[in-house]
Amino acid sequence: KAWGVTASASPGTTLGVVKINLRDDGPDVYDTPGLLQPGALGTVLTEEELQAITPKKLDVVTLRVSEGQCVLLGGLARVEVVDAPLGAFFLTFYVAPTLTLHPTSAKNADAAFREKHAGGLLSPPFDSERVAELGDFESHTVEIDGRGFEGAAADVTLAGLGWLAVYGSGRCSLRVS
């Protein structure tokens with residue numbers, strides 16, 4: 001059976017309501033035009049960068065991150081453990097396999113580091129000029145009460161990139177930018 005549905009790495013390309021019948025006797029799904037938010041990744045990335053962060057499948061990567069450390073998601077985002085009095089937390093990232101994850105010390109993860117390593121160690125973006133064009137990160141702090149390591153204490157959305165699950169004991173303060 002031909003579905004007649006197309007997909008695009010570019011957000012905001014749905015022109016009208018599209019009804020998708022999953023099975024003859026099953027539910028229908030509706031794709032609707034979305035709203036583009038000013039400054040959202042979909043409005044500032046190039047087509048090549050959008051294709052790199054739009055997953056055909058998700059990579060699931062778990063990293064142990066201690067207080068004072070962070071994980072860079074290409075040159076597009078940063079997740080830092082600002083405070084974790086009882087020790088390290090495990091961060092499980094659900095992202096496109098083409099998005100580079102780089103754990104490092106938070107003090108090393110400044111704009112100069114991003115520009116120096118854009119397109120290599122940190123991609124996308126694919127060159128240092130694009131890092132400068134995209135500008136500084138907007139930061140948000142998330143306070144999490146850990147539930148141990150049996151289940152995630154929280155899921156944190158990384159708009160346009162994916163999400164991460166946070167595992168650990170005690171309180172944790174994350175800075176997401």
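The values are calculated or read from the model by the stated rules, or taken from the named source; none is laboratory data. Nothing here was measured: the structure is a model prediction, and the numbers come from that model. FYI the Cβ positions are ideal-geometry reconstructions off the backbone, even for glycines, and counts take in every protein chain you see. Just so you know, the surface numbers come from the protein's heavy atoms only, side chains and all, with ligands and any DNA or RNA stripped out. Shrake-Rupley method; radii C 1.70, N 1.55, O 1.52, S 1.80 Å.
Scan the range 85-94 residue by residue and report those that are at pLDDT 95 or above, open to solvent by less than 40 Å² (accessible area, probe 1.4 Å) and of a type in the set (A, V, I, L, M, F, W, C).
89, 91, 93
Considering only residues that are at pLDDT below 95 and touching an Asp or Glu at 6+ places or on another chain (Cβ under 9 Å), look in the range 63-84 and name the one that is most open to solvent (accessible area, probe 1.4 Å).
76
Quick check on the range 77-89. Is at least one of its residues out of contact with any Cys (no Cβ under 6 Å at 6 or more places or on another chain), part of a strand (DSSP E or B), among the aromatic types (Phe, Trp, Tyr) and touching a residue at least 12 places away in the same chain (Cβ under 8 Å)?
Looking through the range 77-89, none of the residues is out of contact with any Cys (no Cβ under 6 Å at 6 or more places or on another chain), part of a strand (DSSP E or B), among the aromatic types (Phe, Trp, Tyr) and touching a residue at least 12 places away in the same chain (Cβ under 8 Å).
How many residues does the range 103-117 contain that are open to solvent by 70 Å² or more (accessible area, probe 1.4 Å) and among the polar types (S, T, N, Q)?
Here the count works out to 1.
So that you can scan it fast, the table gives a plain yes or no per residue for (1) in a helix (DSSP H, G or I); (2) open to solvent by less than 50 Å² (accessible area, probe 1.4 Å); (3) more than 30 Å from residue 86 (Cα to Cα); (4) at pLDDT 75 or above:
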residue	(1), (2), (3), (4)
2	no, no, yes, no
11	no, no, yes, no
19	no, no, yes, yes
24	no, no, yes, yes
30	no, no, yes, yes
35	no, no, yes, no
39	no, no, yes, no
61	no, yes, no, yes
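Is it fair to say residue 120 is open to solvent by less than 40 Å² (accessible area, probe 1.4 Å), within 22 Å of residue 48 (Cβ to Cβ), not in a strand (DSSP E or B) and not hydrophobic (A, V, I, L, M, F, W, C)?
no
Given the condition aliphatic (A, V, I, L, M), more than 17 Å from the chain's Cα centre (by Cα) and at pLDDT below 90, answer yes or no: does some residue in the range 142-159 qualify?
No.
Within the range 134-176, how many residues turn out to be open to solvent by less than 60 Å² (accessible area, probe 1.4 Å) and either in a strand (DSSP E or B) or of a type in the set (Lys, Arg) (or both)?
16
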